[in-house]
Every structure is written in structure tokens, then in C-alpha cells.
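As C-alpha cells, the structure follows; a few thoughts come after it.
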Amino acid sequence: MNLALQGKKALVTGGTRGVGRGIVLALARAGVDVVTCYQQQSDYVGSLERELKEIGGDHLVLQADVTRPDEVAALVARAGEAYGRLDLVVNNAGAISHIPYAELPLDEFQRVFSTNVTAAHLVIQRTLPLLDAGSSVVSIGSKAVDAGIPLRSHYTATKAALVGLSRSLAKEFGGQGIRFNVVALGVVETENLHKLPEDQQKLMIERYSAKTALGRLGTPDEVAGAVLWLASDLSRYVTGATISVDGGIS
Ligand SMILES: NC(=O)c1ccc[n+]([C@@H]2O[C@H](COP(=O)([O-])OP(=O)(O)OC[C@H]3O[C@@H](n4cnc5c(N)ncnc54)[C@H](OP(=O)(O)O)[C@@H]3O)[C@@H](O)[C@H]2O)c1
């Protein structure tokens, strides 16, 4: 399907692995030029650069820790120099951990908040001068906000915060034609799952697939489908919304 995204400019945080990588590659295939970032050097960086080169377009894969204001400033400056504007910003980089609430250390609570919420705030605020009427900001949320999950109270709190941030900014910037939405994910199959021992992998896939209406986990490319739609003119009247991409999980 032609979503008329050719030539659009995007910034996606955390695009070297998992969901973010799927979003970056799908955007590039749709003709969008993409700046993305990662935190730590890994083989994923080079392999993403190679895949993007094969697809073609004007892309940048940069090291930038989005929890650090100076690194966000440098990242956005590079995007500004390269493109002069941004049609799409995707707050995808995220952190999670599984810790009983009674034992949750403050620094871990703050690390997860810093990556999932403060970083989104830093990126949105810094990119504002590059956004204009028609620009779309998407934050990757989680269905865990509705369900609640033991041992992940800090994580679910961050994803709930993204909904509040996005809904308020939708109202504050709606008059300028800038849209803000959240894409709330169910369970998506990424490299993290594939790193688990085979028996644990199988258990996870079976357990979470059984909770969905479609009977399977999602893929990064299926998340990208919703992001591409939110980047396109087809969604021009959609803002302040939380779009579930979760296979009908409950
Ligand atoms: N996977 C799921 O089932 C699922 C479900 C619900 C919601 N989500 C949300 O979807 C998003 C992506 O999740 P994922 O599972 O794809 O994660 P992932 O596989 O762990 O990948 C995270 C990506 O973000 C980057 N990143 C992490 N912290 C960063 C930082 N401080 N600065 C810059 N880059 C950073 C990582 O880069 P490095 O390689 O350098 O670490 C990596 O590219 C997250 O917001 C997550 O909460 C995922």
C-alpha cells in the first residue's frame, strides 16, 4: 500500500534492536529518511547500517543515550542538520526489569523512569523546533498499563505516564497541527526473547500467545504498521489516542 511517506523525515529512538529496528526498517522501505540511535555499541549497529544501505535513502545510526540531555541535544542537532525538519518522532527506546515492589531500589525505579518517560520528554521538547503542521509524535506504550503486572509496577507506571504526556501535548499543540499518540503493545517477539534458553522461550511464547485473540505473539513489523499509519495523512484526525497493537491480548 502506498502511504505517501516517500521523502518524509523521521527520528526513532532505540532503533538497533527489537521493535525499534522493525520500525526503522519499515519506514526506510516506505521511503522515509530515518535518524535512529542506540545506547551501546553492538553487532546490531553495523547490521542495521548494512540493511539500511541496501534499502537506500538518507539514514543515520548514531550513538546517543536518550536519558542524557546533552546527548539528546546532539542527536536532534544532527537530525536538524541532515533534514531541517521532522515529520515523525518515535519514542521507542525503553527499559524494563522484573522486581518485587517491596524490594524495588530507588535507583532502578529512577533508571526505568528516566529511560521511558524523561527521555521521551527530552526528545519531544528538543525536536519541537523541527516539528510543523502535519508532524506526528508516537510514543511506544504497553498494554500492561491496563492489565497491571506483578513485579513490573515501575515499568507500567512509566507507560501510563506516556499516555498522560501524549494526551496533554495533543491538546497543547493541536492548534499547530502536531499530533501525539501512543501505540500500546502486547507481547512482541524480539531478539530478547530469542536469547532465552529454548525451553523458556517455548514457555513464554505459549503462555502469552494463549492470552491473545489471535493466538500468537506480534512482530516488530506489525508494530511498524501502526507507526506508518500514524505517520501518514490517513491518520490526520487521530491525536491524543492510544492505539492497541496487541493481537487482542487480555
Ligand atoms: N517487546 C515487547 O514485547 C514490548 C511490549 C510492550 C512494550 N514494549 C516497548 O517497546 C519499546 C521497544 O522494546 P523492545 O522490546 O524492542 O526493546 P529492546 O529489544 O530492549 O531494544 C531497545 C532498543 O532501545 C535502545 N535503548 C535502550 N535504552 C536506550 C537509551 N538510554 N538511549 C538510547 N537507546 C536506548 C537499545 O539500544 P542498545 O542496543 O544500545 O541497548 C535498543 O536499540 C520499549 O519502549 C518497550 O517498553 C515492548
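Inside the range 37-66, can you point out the residues that are over 9 Å from Thr16 (Cα atoms) and in contact with a Leu (Cβ under 8 Å, 6 or more places away or on another chain)?
Glu51, Leu52, Ile55, His59, Leu62, Ala64, Val66
Of the conditions (1) in a loop (DSSP other than H, G, I, E, B); (2) more than 30 Å from Gly7 (Cα to Cα); (3) out of contact with any helix residue (DSSP H, G or I) (no Cβ under 9 Å at 6 or more places or on another chain), Gly247 satisfies every one except a single condition; which number is it?
Among (1) in a loop (DSSP other than H, G, I, E, B); (2) more than 30 Å from Gly7 (Cα to Cα); (3) out of contact with any helix residue (DSSP H, G or I) (no Cβ under 9 Å at 6 or more places or on another chain), Gly247 violates only (3).
Which pairs have Cβ atoms under 6 Å, sit 6 or more apart or on different chains, and link a residue in the range 171-192 that is within 18 Å of Ser142 (Cβ to Cβ) to one that is aromatic (Phe, Trp, Tyr)?
Partner pairs satisfying both residue conditions: Val187/Tyr208.
Considering only residues that are within 12 Å of the ligand (Cβ to nearest atom) and either of a type outside the set (Ser, Thr, Tyr) or modelled with pLDDT under 95 (or both), look in the range 136-145 and name the one that is farthest from Ala95 (Cα to Cα).
Val138
Scan the range 187-226 residue by residue and report those that are surrounded by fewer than 19 Cβ atoms within 10 Å (Cβ to Cβ), closer than 24 Å to Ala241 by Cα and of a type in the set (A, V, I, L, M, F, W, C).
Ala213, Leu214, listed by residue number.
Just to check your reading of the model, which residue among Ser153, Ser166 is under 29 Å from Gly7 (Cα atoms), among the polar types (S, T, N, Q) and out of contact with any Asp or Glu (no Cβ under 6 Å at 6 or more places or on another chain)?
Ser166
Kindly state which strands (runs of 3 or more DSSP E) lie completely within the range 11-97 and contain at least 3 residues that are away from the ligand (no atom under 12 Å from the Cβ), under 19 Å from Pro220 (Cα atoms) and in contact with a strand residue (DSSP E or B) (Cβ under 7 Å, 6 or more places away or on another chain).
33-38
From the set of residues in the range 171-227 that are over 21 Å from the mean Cα position of the chain (by Cα) and of a type in the set (S, T, N, Q), which is farthest from the ligand (Cβ to nearest atom)?
The selected residue is Gln176.
In the range 191-208, is there at least one residue being hydroxyl-bearing (Ser, Thr, Tyr) and touching a helix residue (DSSP H, G or I) at 6+ places or on another chain (Cβ under 9 Å)?
no
The values are calculated or read from the model by the stated rules, or taken from the named source; none is laboratory data. Predicted model only: the values in this text are computed from it and were never measured. Don't worry about glycine lacking a Cβ; one is built from the backbone with ideal geometry, like all the others, and counts go over all protein chains shown.
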